[in-house]
Protein chains: 2
Amino acid sequence: MSAPATAAKPAFRLTDSTLRDGSHAVAHQYTEQQAIDIVAGLDRAGVPVIEVSHGDGLGGSSFNYGFSGTDEMKLISRAVETAKQAKIACLLLPGIGVADDLKAVKDAGVQVARIATHCTEADIAEQHIGMAKELGMEAVGFLMMAHMTSPDELLRQALIMQESGADVVYCVDSAGALTTKTVTERIETLVGGLDVPVGLHAHENLSLSVANSLTALDHGALHIDACTGGAGAGAGNCPTEVFVAVCDRMGVATGVDTMTMVDVAEEVVRPAMNRPQMVDRAALILGYAGVYGSFMLHSERAAKRYGVSQAQILIELGKRGVVGGQEDMIIDVALELAANK
Amino acid sequence: MSAPATAAKPAFRLTDSTLRDGSHAVAHQYTEQQAIDIVAGLDRAGVPVIEVSHGDGLGGSSFNYGFSGTDEMKLISRAVETAKQAKIACLLLPGIGVADDLKAVKDAGVQVARIATHCTEADIAEQHIGMAKELGMEAVGFLMMAHMTSPDELLRQALIMQESGADVVYCVDSAGALTTKTVTERIETLVGGLDVPVGLHAHENLSLSVANSLTALDHGALHIDACTGGAGAGAGNCPTEVFVAVCDRMGVATGVDTMTMVDVAEEVVRPAMNRPQMVDRAALILGYAGVYGSFMLHSERAAKRYGVSQAQILIELGKRGVVGGQEDMIIDVALELAANK
């Protein structure tokens, strides 16, 4: 806290995802001016990587995932033009985004391609990681819902990404269901088994995103994701400005100017948000049960229709390890709970 | 998460302070009906101790600390009448509350007297702890702003409380400035040096209240404070329902029914709050600088008057270890910063 944090070599690389994962908090309605203002602020604070895409990655603007208010290519172009030192990153989920999207963002000046799959489906990312490398981009592998598989299986999946050419592999706690203990197990296993650096992407459902990110650093992670103001779906993501301030207070060099970051959160990002980020019942139960956010609405309907507890439905779905696309299981579980009442 | 949390012997005793520290979030305007509803909910969930007083303790209703909307004795009486299993606790800061207040709440049915002083002024609590014991109450010592002194000095102060008769001594992170590392140092030192059990009272300014409370348990604390919905001044307190859910997920027995607790937060407490709890700039800077909340308004005025940064004023005050009552130092610091610009 005594010396400026920017003086020492950063202990990790920070990726701010306010303009990607944080866009869930504004239903993907960022304007070009907001993108410019947020990138300018983050860039000024010294954030080294800024992610910009639809909340569900390139090509996410759709009936299923919500239409973007402004075409993501426009937001990306404004970001690239605005950033003086920060690299711009994009997220791509194979199946939602396609190969041509990668080429388009490369041409627009994006330097980092983050390729995301469910934590047990890394093979789906092989082709896109390879393509990002061929395009001369940095390729980051992103293993989502990482609480749903064991540390050893997560490593096997991460190795697939590493072999495909990934320069970094992230453990992604999409449901905010990991605790300091389960983060430790996963990060230690990944760091021990990979040649490439490891990252953590934390959510706030159990109010542990800052602590989990610190824990990841303690166990060798070199990349951390965060969103300014904690912006994000439900409880939101690890709040960038808080994480930076805590690192600073603990003597962990961030490369980011804490007070500038705090001002960007308060004066630029928070006014752009539609609602405060909070760990309300829905968000907490998602983290506690360890299920997809997309199960929330379906389970609410099923709970009403069959007169059972939504929480119990979600907890049971979590126990069964139900994944996206298995929404029909929600009705099955609700019927079973109703029968057992 | 598999077996009901209520089945195993709790690993710690939970004190919910929504109706005391949480009252800062509603400017001490709880109604009798709100007190009844909140106590009924917490009691039903299995919370063993519920604290009820003005936010600044017995007798706090005043021009200085804010007037209570409803006399605290009325709220306390409703709480005592409503609780079926929970004990009702009160907080007293010697100087704000007086000896007669202790007698009055004992007569009203309060079983736990929590006596609070600044972390280096335990001797001020001796008489009141002794009186609580004479009255046949459980006496809890409460060492506030515990980040401002060393673990060893905190232990010396805790020993004074223990010798005065305290049944429990709390490390109180009033500014939300402790991290998992500094919590560990303090709790380990207290647990190692005291004969009585140790507690932690955590705030959310650095977004670490849940993690710090878990850390305290890991290092031998047996008492944890929390407020439902995270209610409290600024960023608020450790959120009861989140902490209970995380404990449950980690296999730490709480004695509290998680889902009931989550419902009480969502349906009873949050609707009574005036504003969402969030780690905004003011709250974060208080935790980062480690200063009193009461410095906020004064430092804002001084920053404007002398054209310097409020954050820098607060950080400098934190470095100098300025305590409540030294508000004149704020102007001195502002003048120095202005001169050095």
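A few comments on the model shown:
- Residue-wise HN-Hα couplings along segment A:16-23, as the Karplus relation 6.51 cos²θ - 1.76 cosθ + 1.60 with θ = phi - 60° gives them from phi, are 8, 10, 3, 8, 10, 5, x, 6 Hz; Gly and Pro carry x.
- Taking the longest Cα principal axis of chain A as reference, the axis of helix A:151-164 is set at about 50 degrees.
- With its label point put 7 Å out from Cα toward Cβ, A:ALA8 sits 3.7 nm from the same residue's point in the other copies, in order from shortest.
- Surrounding net charge for A:ARG114, when Lys and Arg each add one and Asp and Glu each subtract one, Cβ distance under 12 Å: -3
- The lysine pair count for segment A:78-201, using Cα distances under 30 Å and pairs eight or more places apart or on different chains, is 8.
- Chain A: most fluctuating residue of A:VAL98, A:VAL47, A:VAL269 per GNM, C-alpha cutoff 10 Å: A:VAL98
- Taking B:LEU91, B:LEU284, B:LEU297 as the candidate residues, the one with maximal mean-square fluctuation in a Gaussian network model of chain B, Cα springs under 10 Å, is B:LEU297.
- Segment A:226-297 and segment A:97-151 have Cα centres lying 24 Å from one another.
- Using only side-chain charges placed at the Cβ, +1 for Lys and Arg and -1 for Asp and Glu, the dipole size of segment A:31-139 relative to its Cα centre rounds to 340 debye.
- A Förster radius of 51 Å combined with the Cβ-Cβ distance from B:LYS74 to A:LYS84 puts the calculated FRET efficiency at roughly 0.25.
- Dipole of chain B, positive direction: furthest Cα of B:GLY141, B:VAL112, B:LEU14, with charges on the beta-carbon: B:LEU14
- Label geometry 7 Å along the beta-carbon vector: A:ASP332 inter-copy distances in nm: 7.1
- Residues of segment A:51-68 with amide N under 13 Å of the 7 Å Cα→Cβ point at A:GLN29: A:67-68
- Under 5 Å between amide hydrogens, built in the peptide plane, is the criterion, and for A:THR254 it picks out A:ALA11 among residues at least 5 positions away or on other chains.
- For segment A:13-94, the set of trypsin sites (Lys or Arg not before Pro) satisfying both a DSSP loop assignment and a count of at most 14 other C-beta atoms within 10 Å is given as A:LYS84.
- Building the convex hull from the alpha-carbon atoms of the protein assembly as shown and averaging its projection over directions returns 28.5 nm².
- As a proxy for reagent exposure, A:LEU222, A:LEU335 were ordered by neighbouring Cβ count within 10 angstrom, fewest first; the result is A:LEU335, A:LEU222.
- Neighbour net charge for B:THR254 - beta-carbon separation under 13 angstrom, K R +1, D E -1: -1
- Residue exposure sequence - B:CYS119, B:CYS90, A:CYS247, B:CYS227 - by fewest surrounding Cβ within 10 Å: B:CYS119, A:CYS247, B:CYS90, B:CYS227
- Sequence of B:PHE67, B:PHE295 once ranked by neighbouring C-beta atoms within 10 Å, starting from the fewest: B:PHE67, B:PHE295
- Angle between chain B longest axis and helix B:295-306 axis [Cα atoms, degrees, rounded to 10]: 20
- Its relative contact order, with pairs defined as Cα atoms under 8 Å and 6+ residues apart, puts segment A:282-322 at 49 percent.
- Hits among lysines - C-alpha to C-alpha of A:LYS304 under 20 Å, sequence gap 8 or more where chains match: A:LYS341
- Percent RCO, i.e. relative contact order, over segment A:146-210, from Cα pairs under 8 Å lying at least 6 residues apart: 41
- Highest-MSF residue in chain A out of A:VAL323, A:VAL110, A:VAL183 [GNM, Cα springs under 10 Å]: A:VAL323
- Using a 7 Å projection from Cα along Cα-to-Cβ, the label point at A:LYS304 is separated from the same position in the remaining copies by 4.7 nm, smallest value first.
- The helix-only estimate of mean residue ellipticity at 222 nm for chain B, built from DSSP H runs of length n ≥ 4 each weighted as -39500 (n - 2.57), is -13000 deg cm²/dmol after division by the residue total.
- All other residues whose Cβ lies under 11 angstrom from that of A:GLY165 are scored, Lys and Arg at +1 and Asp and Glu at -1, for a net of -4.
Only the coordinates and a few stated rules stand behind these numbers; no lab work does. As the structure is a prediction and not an experimental result, all values here were calculated from the model. All Cβ positions, glycine included, derive from the backbone under ideal geometry; neighbour counts span all protein chains shown.
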